[in-house]
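Scroll down for the structure; my scribbles are underneath it.
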Amino acid sequence: MSTHVARRPGSPGDSAAAPEPDATVFRRAMGHLPTGVTVITAGSGGATEAVTASSVTSVSLDPLLVLVSIGANGRLRGAIEDAGGFAVNVLAEDQAELSAAFAARDRPRGLTAQERLGGRVGDSGHVLLADAVFSLECRTEHCYPGGDHVLFLGRVGAVHVADPVRPPLIHHQGGYAALRH
């Protein structure tokens, strides 16, 4: 087994010769961690913004909280701030095309995005993916700077689970993978 250790300056075991890890090495390493794939939405109608995200995690059961990481300079950040919340839509394994569409720089927005996601709007006012494994409607509880991203902590107000539940879309090492049962 080969182990490569990259340390930040000032960390324990730091030596003057140890290089600082770069973004490429970090990204490649994190690619070994399989993640679910979501489309985060804010707003509806002409104000709909949506983006593919894999940095989503449950935080608390009391109260129900979820954390999403959104690009600090992207359109979705402003939409979440304006709307005071967002929805998390977990993609099914047959929705890789939606993942790619909403990961693109020229991704759909407004009514086109809402229609592409199935046209359904939750009580929170955010677009919900009609065929999602599950969707969460969230009100922003806190917002934290996180380097080139912003971390939104959302209080979950509604949970919508598909019936029947389908296997989720998984991202691993730069591509999509399937769960084996």
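The values are calculated or read from the model by the stated rules, or taken from the named source; none is laboratory data. It should be emphasised that the depicted structure is a prediction, and the values quoted were computed from it without experimental measurement. All Cβ positions, even for glycine, are placed from backbone atoms using ideal geometry, and neighbour counts span all protein chains on display. These accessible areas exclude ligands, DNA and RNA; they are computed on the full protein's heavy atoms, side chains included. Shrake-Rupley method; radii C 1.70, N 1.55, O 1.52, S 1.80 Å.
Here the Debye sum runs over all C-alpha atoms of the chain as equal scatterers in vacuum, and log10 of I(q)/I(0) at q = 0.13, 0.18 Å⁻¹ comes out as -0.69, -1.17. Run a plain Debye calculation on region 47-112 (Cα atoms as equal point scatterers, no solvent) and give log10 I(q)/I(0) at q = 0.11, 0.23, 0.25 Å⁻¹, rounded to two decimals, same order as the q list. Reported log10 I(q)/I(0), two decimals: -0.29, -1.15, -1.28. Taking all protein chains as they are arranged and a probe of 1.4 Å, the heavy atoms of E81 leave approximately 90 Å² accessible to solvent.
Only protein heavy atoms count here; under a 1.4 Å probe, T35 has an accessible surface of about 30 Å².
Starting from region 39-148, pick out the trypsin sites (Lys or Arg not before Pro) whose DSSP state is loop and whose Cβ has at most 12 other Cβ atoms within 10 Å.
Values: sites: R75, R77, R105, R109, R116, R120, R139; in loops: R105, R109.
Those satisfying the criteria are R105.
Using only the heavy atoms of the protein chains and a 1.4 Å probe, how would L151, L117 rank by accessible area, largest first? Intermediate results must be reported in sequence, preceding the final value.
Working: L151 50, L117 5 Å².
Per-residue accessible area, sorted high to low, gives L151, L117.
Surface composition of the chain: carbon plus sulfur atoms hold 54% of the accessible area, using a 1.4 angstrom probe and ignoring ligands, DNA and RNA.
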